[in-house]
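Participant: There's a structure below that I have some questions on.
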Amino acid sequence: MTKYCPRCRIENPDDALWCDNCNTKLLEKLEINEEIQRSEHSKPQVVIPSNYQVPNQSRKIVLKVSAIVFPIFLTFILIMIYFNNVTSDFTGINCKINEDFWFEGNSLFTSDGWTFTITKVRDYTLDGIVLALNTYSKNDLPYRPINVFSPIDLVIGTGDVKNNPETYSFTITSFRDRYVYWEFRGNSQENYNYFRSHTGNNHIIPHNEEVLDELATNLSKNNLIFLEGSLVNLYGTRDNEHYTWNTDTTIGNFHCEIILLDNITISSSI
């Protein structure tokens, strides 16, 4: 009987003990060799399509985590923006004259590269009460170059709003985009009209270090204040960027005054 090599399947003579081809010990019976072949061919075969791609488990995990983390992060950002907008408490001023901004004649320069031309509209004084205030920083978002040198807005009431503030029931609902939003809770149309025409949001540009120091250390809500300075318009450039900021000239009716402030007198609260 022919002997077959179990390794290379080569036929060998009957009396051969070792394969002439690969030197493997030979089987004595063909049936054994055939059984080996049958067992090998009976193994299940898995066919994988040529265009099949193994799923990227890491990518799935990242997508699942992102789907959970991103909404939480977005919610946190919205909450921070909300509380920043509705605050009317003093949170500090951290800008410095001759470091973050400085004046040269009718020009104002900022440390981040802006040059503003200041145009005086008229001399201005304002005697009133601080109904609310909000501070700004050069790091606030969205970015505005004016935040560098105008670090505070004052909602000021004049006339009877100053002298009898308890007559007027209102709530500051938000500071947003350098505007103030408020809600009048009284049911008197006359009081509403008076309050509207005798309050205003004032953007303050400290013209010297003394004014900046007073704003930073001694000012708070409900203070009586007297302001002296100028109403101004500003036009700024930085490379190909432009920024225009114009003042109103009369307090009230939701308009905003931009005050280049030379002097400030702060009295105790009512």
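The values are calculated or read from the model by the stated rules, or taken from the named source; none is laboratory data. None of the values given here were measured: they were computed from a predicted structure. Positions of Cβ are generated from backbone atoms using ideal geometry, with glycine treated the same way; all protein chains shown enter the neighbour counts.
Participant: Being part of a helix (DSSP H, G or I) and touching a residue at least 24 places away in the same chain (Cβ under 8 Å) is the filter; apply it to region 211-230 and report the residue that is farthest from residue 125 (Cα to Cα). Please lay out each step first, then the result.
Facilitator: Going residue by residue through region 211-230, those that are part of a helix (DSSP H, G or I) are 211-217.
From what is left, the residues that are touching a residue at least 24 places away in the same chain (Cβ under 8 Å) are 211-212, 214-216.
On the way: 211: 15, 212: 17, 214: 17, 215: 16, 216: 20 Å.
Per the stated criteria, the residue is 216.
Participant: Moving on. Every residue in region 160-205 that is in a helix (DSSP H, G or I) and within 27 Å of residue 267 (Cβ to Cβ), please.
Facilitator: 160, 161, 162, 163, 165, 166, 167, 191, 194, 195, 196, 197
Participant: Okay, moving on. Which one is farthest from residue 258 (Cα to Cα), of the residues in region 116-159 that are of a type in the set (Ser, Thr, Tyr) and in contact with a helix residue (DSSP H, G or I) (Cβ under 7 Å, 6 or more places away or on another chain)?
Facilitator: 137
Participant: Being β-branched (Val, Ile, Thr), crowded, with 19+ Cβ neighbours inside 10 Å and assigned to a strand (DSSP E or B) narrows it down to one of 266, 156, so name that one.
Facilitator: Selected residue: 156, the only one of 266, 156 that is β-branched (Val, Ile, Thr), crowded, with 19+ Cβ neighbours inside 10 Å and assigned to a strand (DSSP E or B).
Participant: Return yes when residue 115 is among the β-branched types (Val, Ile, Thr), modelled with pLDDT of 95 or more and in contact with a Gly (Cβ under 7 Å, 6 or more places away or on another chain) and no when it is not. Walk me through how you get there before you give the answer.
Facilitator: Values: among the β-branched types (Val, Ile, Thr): yes; modelled with pLDDT of 95 or more: yes; in contact with a Gly (Cβ under 7 Å, 6 or more places away or on another chain): yes.
The answer is yes for residue 115.
Participant: I need a count of the residues in region 238-263 that are among the charged types (D, E, K, R) and loosely packed, with under 10 Cβ neighbours inside 10 Å.
Facilitator: Within region 238-263, residues that are among the charged types (D, E, K, R) and loosely packed, with under 10 Cβ neighbours inside 10 Å number 1.
Participant: Does at least one position in region 161-178 carry a residue that is touching a His at 6+ places or on another chain (Cβ under 6 Å), touching a residue at least 24 places away in the same chain (Cβ under 8 Å) and closer than 17 Å to residue 132 by Cβ? Spell out how you get there, then give the answer.
Facilitator: Residues of region 161-178 touching a His at 6+ places or on another chain (Cβ under 6 Å): 161.
Subset that is touching a residue at least 24 places away in the same chain (Cβ under 8 Å): 161.
If we keep only those that are closer than 17 Å to residue 132 by Cβ too, we end up with 161.
Yes: region 161-178 contains one or more residues that are touching a His at 6+ places or on another chain (Cβ under 6 Å), touching a residue at least 24 places away in the same chain (Cβ under 8 Å) and closer than 17 Å to residue 132 by Cβ.
Participant: Going through 184, 175 one at a time, which residue ends up being more than 30 Å from residue 116 (Cβ to Cβ) and among the hydrophobic types (A, V, I, L, M, F, W, C)?
Facilitator: 184
Participant: I'd like the residue in region 133-153 that is in contact with a Gly (Cβ under 9 Å, 6 or more places away or on another chain) and not in a loop (DSSP other than H, G, I, E, B) and, out of all such residues, is farthest from residue 247 (Cα to Cα).
Facilitator: Applying the filter and picking the extreme gives 135.
Participant: Under 9 Å by Cβ, and 6 or more places apart or on different chains, what pairs join a residue from region 7-19 that is in a loop (DSSP other than H, G, I, E, B) with one that is exposed (fewer than 13 other Cβ atoms within 10 Å of the Cβ) and of a type in the set (Ser, Thr, Tyr)?
Facilitator: 13/2; 14/2
Participant: Got a number for residues in region 215-227 being within 18 Å of residue 205 (Cα to Cα) and surrounded by fewer than 16 Cβ atoms within 10 Å (Cβ to Cβ)?
Facilitator: 4
Participant: Criterion first (without any contact (Cβ under 8 Å) to a residue 60 or more places away in the chain and either out of contact with any Asp or Glu (no Cβ under 7 Å at 6 or more places or on another chain) or not in a strand (DSSP E or B) (or both)) does residue 252 satisfy it? Write out each step before concluding.
Facilitator: On the way: without any contact (Cβ under 8 Å) to a residue 60 or more places away in the chain: yes; either out of contact with any Asp or Glu (no Cβ under 7 Å at 6 or more places or on another chain) or not in a strand (DSSP E or B) (or both): yes.
Yes; evaluated as a whole, the condition is true for this residue.
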